[in-house]
Amino acid sequence: MATQYNYSDKKILIVDDQRAFQVMLKAMLQNFGATDVFFANTGEAAVKACRKRKFDILLVDYNLGTGKNGGQLLEELRVSKLLDVDALFFIISGDNNKSMVLSALEMEPDEFITKPFSQFQLHNRLARANLKRQSLRGIYQALAEKKYHKVIELCDEQIEQDSRYSNYCRNLRVEAQIALEEYSAAKDALEAILKERKQTWAKATLGRVYLLLNDNKNAIETLNRSVAESPLLLTAYDWLARAYRAEGELDKALETVLKASKLAVNSLERQQLLAELAMESGDLTLAKETFSTILQLARRSIHRGPHHLCNYVRSLIDEAQSEDDLYRKNRLLQEVNSVLFHARREEGKDDDFNFDAFEGISQARVHATKGELNKAKRLLFDSHEGLLDAPNKVSGELLPDTFLTLNSVGEFEYAMPFAEELEKRQGIDPVSLQSAKKVLKAEDFELKLGQFREYNKMGIEAYEEHRYQDAINYFDKALNVAPGNTGAILNKIQAILKQLNQNPKGMSGQMLSECKTTIKQLDGLKLNDNHAERYSTLKNEFQQLGSKK
């Protein structure tokens, strides 16, 4: 064999769901002199194996059945720091589908090999990858420790020696400068490289640096050339989309990232960008479909978390709210139930996520979308019993949707403290936060809130001046703006009772009936202490009045 490589002291993990391939690959490795060969049938089993021992070589099939794929396994092992700096990670696949190959290569394994391959090919690839690892070991170590100045220093040494890895080191050096936010230095370095010779990666990275320097025009021009010359360089599409977005050209940004997402569907970061652009462009159907893709990808990756479920369910409800066709609206709302049913087996297992509360919020928004405000409030108040007065105790995953649901049922007094908490709280999912802020900044929200507060204030003033009928009329106007608002309902009940008490002998059946109907709107709701006490007092007063009739 052309290149020497010692296998006898290497621990090797084969990750493949096909027993026949495991046996064949093990036989190859034993022929090389390997003695410590282990198997894992799934990505999840591979993570467990890597927690138990350190492997020198990992040979991983990309398609591993229903669990995480080879690329997601590589990302999880890196993020969890379960790969030694010397370890070699190979992705193997019998599928040469362009989308799959591009998705695998985006994860930057040490090598990508297509089946079938010979012993000679496997050995040469392993030996070559090991030589690169060992030659650049110090650089890889510095990168792992995020010591970017050290990366630059070691890359300079390789470049000065004109080693076989000089071009790769120029790339790593620029990436280190970008990580240090030395954008002008990175730009100068890239322009110097491109003057010497055409480099695909350098042109795409230069476009990215222009964008980081807020030079959107040059970023767009450079990245467009990069995409034209290298149509499979996916990162160029991503940064071009961001550049168009920065220029306010959302249609072009969306078109660009859609092309990249069709070329390789498994990038969670790209799908996230696509979802955000779809939302900004008002394409709620595309946003919903993309959030569904994100949820499925995230569940098998290191990035799994309940916020992906929250974003998908919210996107379903948002589309339903904008839908004029009643059939389609109901289908979307039914889909919420289906998603929640299946999510109980996934996100429902997360001990840190209050799934029952999220389900209550989601069902409340469904009923609010249907105009069933009383049902919506009951579900919301039940799921947040004891928490509506304490937004600081509500988890970051639930904060945005709690605010949105309170707003949808007109409970502004409860909603605004949640909005204030959102502004203060760190670590809120950006998409969820943006959804809440979009409502807060909307012109119709400001108008609605202003009208409600004005009518409610006028009602209170009329009540204090003993103009009870005027007060009732103002509170009715407030409730037309925010149907179901608990404070306004209690104010109206109080004004009706005062009106009835002013003329107990002339109590009309209509007014008593209106008071009874208004009281029923709050019957059985789990109100906060202040509202509950007030409601109980007013209800008792009404019952006493009714007994006098």
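Structure summary
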quantity	calculated
Mean projected area (nm²) of the alpha-carbon convex hull when the range 394-458 is viewed from all directions	4.2
Sparsely packed GluC sites (Glu not before Pro) within the range 444-536, loop by DSSP, other Cβ within 10 Å at most 16	GLU465
Whole-number accessible area per residue in Å² for the chain, which is evaluated in the context of all protein chains at 1.4 Å	48
With every protein chain in place, the chain: carbon and sulfur % of accessible area (1.4 Å)	46
Proximal lysine pairs, the range 213-360, alpha carbons under 25 Å, eight or more residues apart or interchain	8
GluC sites (Glu not before Pro) within the range 92-186: DSSP coil, no more than 11 neighbouring Cβ in 10 Å	GLU145, GLU181
FRET efficiency for LEU194 and ILE113, using Cβ-Cβ distance with R0 set to 41 Å, rounded to 0.05	0.80
Candidate lysines for bridging to LYS11, where Cα separation is under 23 Å - those fewer than 8 sequence places away on the same chain excluded	LYS26, LYS48, LYS52, LYS54, LYS68, LYS81, LYS115, LYS132
The range 229-355 shape via C-alpha gyration tensor axes, a/c threshold 1.5	oblate
Alpha-carbon centroids, the range 1-60 and the range 262-277: separation in whole Å	32
Those trypsin sites (Lys or Arg not before Pro) in the range 153-246 that DSSP places in a loop and that have at most 12 other beta carbons within 10 Å	ARG164, ARG197, LYS198
Euclidean distance of C-alpha centroids, the range 447-484 and the range 199-256, integer Å	54
Integer Hz, Karplus 6.51/-1.76/1.60 couplings in order for the range 379-390, x for Gly and Pro	5, 5, 5, 5, 6, 10, 4, x, 10, 5, 9, 9
Point-charge dipole on Cβ atoms (K/R +1, D/E -1) for the range 308-441, about Cα centre, debye to 20	300
Any cysteine of the chain lacking a neighbouring Cys Cβ under 4.7 Å - listed by number	CYS50, CYS310, CYS515
Prolate/oblate/rounded call for the range 229-291, Cα gyration tensor, a/c under 1.5 rounded	oblate
Cα convex hull volume per residue for the range 183-232 (Å³)	60
Cα convex hull of the chain - mean projected area over all directions, nm²	31.0
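The values are calculated or read from the model by the stated rules, or taken from the named source; none is laboratory data. Since the model is a prediction, treat every value here as computed from it, not as a measurement. Heads up, the Cβs are rebuilt from the backbone with ideal geometry, glycines too, and the neighbour counts pull from every protein chain shown. In case anyone asks, the SASA skips ligands and DNA or RNA and just uses the protein heavy atoms, side chains included. Shrake-Rupley method; radii C 1.70, N 1.55, O 1.52, S 1.80 Å.
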